[in-house]
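The values are calculated or read from the model by the stated rules, or taken from the named source; none is laboratory data. Note that the structure is predicted; figures quoted are calculated from it, not measured. Cβ placement follows ideal geometry from the backbone for every residue including glycine, while neighbour counts extend to all protein chains displayed.
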Amino acid sequence: MTELLIADDHPLFREALRGVVSRLLPGAVIHEADRFSRLYELVEQRPDADMLLLDLDMPGARGFSALVHLRALHPQLPIVIVSAHEDPLIVRRALDHGAMGFIPKSSDAQQLGAALEQILDGFPWAPQGIEAGPGADAEEIEAAGRMRDLTPQQFRVLQMVCSGQLNKQIAYELGVSEATVKAHMTHIMRKLGASNRTQAVLIASRLGIPDDAGMGT
């Protein structure tokens, strides 16, 4: 029995994706998440799922940070990016960070089905024409390597800091004290090789995607 995880914050797209998967794989068990905190719980509960279909712009983790973090925690889980970003540079960066495939959201049902079949057979899939393009640079690869050392809670704290939240806001949302948040930040900065909070955010931003980069229709 095939078990798939779908992580996307748009319910209509999740519904469409679920429909394609159900037609392609009758009887497949599908679990969904609309934000990173829910996705993290889902992956913890079902680490042996056959595939994770992941949007790059999930609430709680933007850009390639969620991909990098989940690949570090669950290297056995094939992760496929399904995204409105279609710039070849973004596709190559996703593959460089360990994605098993990259499926543009503009793909029709036939192309989506063919991509999923190929990936489930154990072969990577990406749109044609991206092989010769540039990918992640050395600084980005180094930043990803440092991010892999973060614990799940440290990762959540860093993502909240990157979104501009203050320590007291983070403490309230996580149900911990401000002193605990400060302790997490100390460990985060040490693991990232950052001397202060701003530098930690800059390192994390190397895994981001500009708002206007390669968005499809």
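Working only within segment 150-165, note down all residues that are under 11 Å from S37 (Cα atoms) and free of Cβ contacts under 8 Å to residues at least 60 places away in the same chain. Listed by number, the list holds a single entry, Q153. Scanning segment 181-212 for residues that are under 21 Å from H69 (Cα atoms) and among the hydroxyl-bearing types (S, T, Y) gives T186, T198, S205. Set side by side, the residues L116, L89, L70, L112 differ, and just one is at negative phi, within 14 Å of the chain's Cα centre (by Cα) and among the hydrophobic types (A, V, I, L, M, F, W, C), which is L70. Being touching a helix residue (DSSP H, G or I) at 6+ places or on another chain (Cβ under 8 Å) and of a type outside the set (D, E) is a description that applies to I79.
Taken as a whole, the structure places V29 among residues that are at pLDDT 90 or above and more than 16 Å from the chain's Cα centre (by Cα). Restricting attention to segment 140-155, the residues that are of a type in the set (G, A, S) and under 13 Å from S205 (Cβ atoms) total 2. Is it the case, given these coordinates, that G101 is more than 25 Å from H69 (Cβ to Cβ), in contact with a helix residue (DSSP H, G or I) (Cβ under 7 Å, 6 or more places away or on another chain) and without any contact (Cβ under 8 Å) to a residue 60 or more places away in the chain? So G101 does not fit the description; no. Filtering segment 11-52 to residues that are more than 16 Å from L70 (Cβ to Cβ), in contact (Cβ under 8 Å) with a residue 40 or more places away in the chain and surrounded by fewer than 15 Cβ atoms within 10 Å (Cβ to Cβ) leaves only R23. Determine whether segment 139-146 contains at least one residue that is modelled with pLDDT of 90 or more, farther than 21 Å from D55 by Cα, over 16 Å from the mean Cα position of the chain (by Cα) and in a loop (DSSP other than H, G, I, E, B). Looking for residues that are modelled with pLDDT of 90 or more, farther than 21 Å from D55 by Cα, over 16 Å from the mean Cα position of the chain (by Cα) and in a loop (DSSP other than H, G, I, E, B), one finds none in segment 139-146, hence no. Among the residues making up segment 166-185, those that are within 11 Å of R156 (Cβ to Cβ) and of a type in the set (V, I, T) are I170, V176, V181.
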